[in-house]
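First up is the structure itself, then whatever we jot down about it.
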Amino acid sequence: MNRIFLCCCLVLFSIGIQAQKINEQNTDSLYFKGLELYQNQQFKRSLEYADKGLLLAPEYHDIRILRVRNFWALEMLDNASSDLQFLLEKAPEYPGVRELVIRQAKLLKDPESALSFLSKLEERDTLSANLKILKAELLLQNKDKAASRKIALELFNNSELDKNKRYTLQNILKRTISNEIGVNYQYIHFSDDYNRDNWQTISPEFLHYFNRTAVIARVNYTDRGFDQGTLYELESYPVFSDRVYAFLNLGISDGNLYPDLRTSASIFVNIFEIFELETGARLLHFSNEDYFSGIIGLTMYTGKFYLNSRVFLGPEINDQLTQNYQFNLRYYLNNTDNFLFLRLGTGISPDESTIFTQVQENPALEAYYSNLGINFTIGPRHIFQVGAGYLFEEVTSNRDGNQIIGNIGYRFRF
């Protein structure tokens, strides 16, 4: 009886094996049957059809692509890497191959494994712009900021980059800075209509990146002839994701020329890939008075241009709502550290800390402001900025005045 049962089991097992065996010899039929199984999430069985198809036709690229997708579904990433290297060697321009390679590198969650994969590809051929950007991101994750920055700077000079790639590169370049120390000097010349001494401000600062968050400590010392004052600031740019970051500022002073307390906060959100929306607020405390301003801004990155518009509403002084409307433009020469800049505005914003006290004196009177300059580098560590501005405003209801504003700054990056 036991022998009969054993024989039946052996017969049934051999029938099952025969049922699983693939006898099809037509490669097109093998491909479409494997694709159907893949779409039904029967990945192991689909892989068997792909294996059989490639055994018959090693250069049937659609079957190999199908096998790559099955390897991904079964988390067999090393096997997928081998097939992708084959495709890059035999058919690098075949539809979908480049996209598969980029996805493979992203699926290799360990940066070292992904970089190793890209290095093997680079031995065969020059990496595409997409793969170079991915390599820069992986190097950054792997704590190799210098190599990441080098790739990003080389790519940023490519005029054919689209808006999305350029935005990604800007984020990489921001994140590859560790420390900066610098100083800025501002000189304001007043026309005779003001009957006041010229103003001078010197602002040393130190910047450090904690992972992706920049923190800046700054001291602003101002000499206005009749009095001097110092504002101590701590500023931060926390990054929450590739699309969202914030601006935070806290400043304190002795209250002579600057507000006793100055706080600022804004949130920036990237939308539709090329736009950046800002919303925030500013609060200034002088003696027993609080001055509040709301802010909204919109930035667009297009080609080598940075276009920004901002609106400040408030504070309300003597029943007058102060308003500032400004337009900011940058034209990048070859990377994010070398650019021309322009600012045009009406009114004085609370962010202009050295001249905002004039708003307290004349909250209802009109003012127009312009500033033009250049930011440039000498070598990888030295950054200079030179700018000149002109401010026209009503000194009284029947007398106008103007100011010429000069700025020069230097930062050392390390």
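Quick one: how many residues across segment 207-216 are exposed (fewer than 14 other Cβ atoms within 10 Å of the Cβ) and not polar (S, T, N, Q)? Of the residues in that region, 1 qualify. Condition first: of a type in the set (A, V, I, L, M) and in contact with an Asp or Glu (Cβ under 8 Å, 6 or more places away or on another chain). Now tell me which residues in segment 270-299 satisfy that. Across segment 270-299, the qualifying residues are Leu283, Leu284, Ile295, Ile296, Leu298.
The listed residues are Ile267, Ile274, and the only one of them that is among the hydrophobic types (A, V, I, L, M, F, W, C), touching a residue at least 40 places away in the same chain (Cβ under 8 Å) and more than 29 Å from Val183 (Cβ to Cβ) turns out to be Ile274.
With the requirement that a residue be among the acidic types (Asp, Glu), assigned to a helix (DSSP H, G or I) and within 15 Å of the chain's Cα centre (by Cα), what does segment 132-175 give you? If the condition is that a residue be among the acidic types (Asp, Glu), assigned to a helix (DSSP H, G or I) and within 15 Å of the chain's Cα centre (by Cα), then Glu137 is the only one that fits.
Every residue, every condition in (1) more than 27 Å from Gln170 (Cβ to Cβ); (2) in contact with a strand residue (DSSP E or B) (Cβ under 8 Å, 6 or more places away or on another chain), yes or no:
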| position | (1), (2) |
| --- | --- |
| Glu289 | yes, no |
| Ser293 | yes, yes |
| Gly303 | no, no |
| Leu313 | yes, yes |
| Glu316 | yes, yes |
| Gln320 | yes, no |
| Asn324 | no, yes |
| Tyr332 | no, yes |
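Considering only residues of segment 264-292 that are modelled with pLDDT under 95 and of a type in the set (Ser, Thr, Tyr), which is surrounded by the most Cβ atoms within 10 Å (Cβ to Cβ)? Applying the filter and picking the extreme gives Tyr291. Within segment 148-160, not a single residue is under 16 Å from Asp242 (Cβ atoms) and either of a type in the set (Phe, Trp, Tyr) or out of contact with any Leu (no Cβ under 8 Å at 6 or more places or on another chain) (or both). Among the residues making up segment 77-90, those that are within 13 Å of Ile63 (Cα to Cα) and either under 31 Å from the mean Cα position of the chain (by Cα) or open to solvent by less than 40 Å² (accessible area, probe 1.4 Å) (or both) are Ala80, Asp83, Leu84, Leu87.
Every residue, every condition in (1) closer than 22 Å to Arg218 by Cα; (2) open to solvent by less than 60 Å² (accessible area, probe 1.4 Å); (3) more than 25 Å from the chain's Cα centre (by Cα), yes or no:
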| residue | (1), (2), (3) |
| --- | --- |
| Ile378 | no, no, no |
| Arg381 | yes, no, no |
| Val395 | no, yes, yes |
| Gly401 | no, yes, yes |
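Please work out which one of (1) among the charged types (D, E, K, R); (2) open to solvent by less than 20 Å² (accessible area, probe 1.4 Å); (3) over 24 Å from Glu276 (Cα atoms) is the condition Arg166 fails and give its number. For Arg166, the failing item is (3).
Taking the conditions (1) acidic (Asp, Glu); (2) modelled with pLDDT of 95 or more; (3) open to solvent by 60 Å² or more (accessible area, probe 1.4 Å) in turn, Asp223 satisfies each one other than (3). Looking across segment 293-310, the residues that are open to solvent by 40 Å² or more (accessible area, probe 1.4 Å) and without any contact (Cβ under 8 Å) to a residue 24 or more places away in the chain come down to Ile296, Leu298, Leu307, Ser309. Kindly indicate whether Glu233 is touching a residue at least 24 places away in the same chain (Cβ under 8 Å) and open to solvent by 60 Å² or more (accessible area, probe 1.4 Å). In short, no.
The values are calculated or read from the model by the stated rules, or taken from the named source; none is laboratory data. Values in this document were obtained by computation on a predicted structure and should not be read as measured data. Positions of Cβ are backbone-derived with ideal geometry, glycine not excepted, and every protein chain shown enters the neighbour counts. Side chains are part of the model used for accessible areas, which takes the heavy atoms of the whole protein and leaves out ligands, DNA and RNA. Shrake-Rupley method; radii C 1.70, N 1.55, O 1.52, S 1.80 Å.
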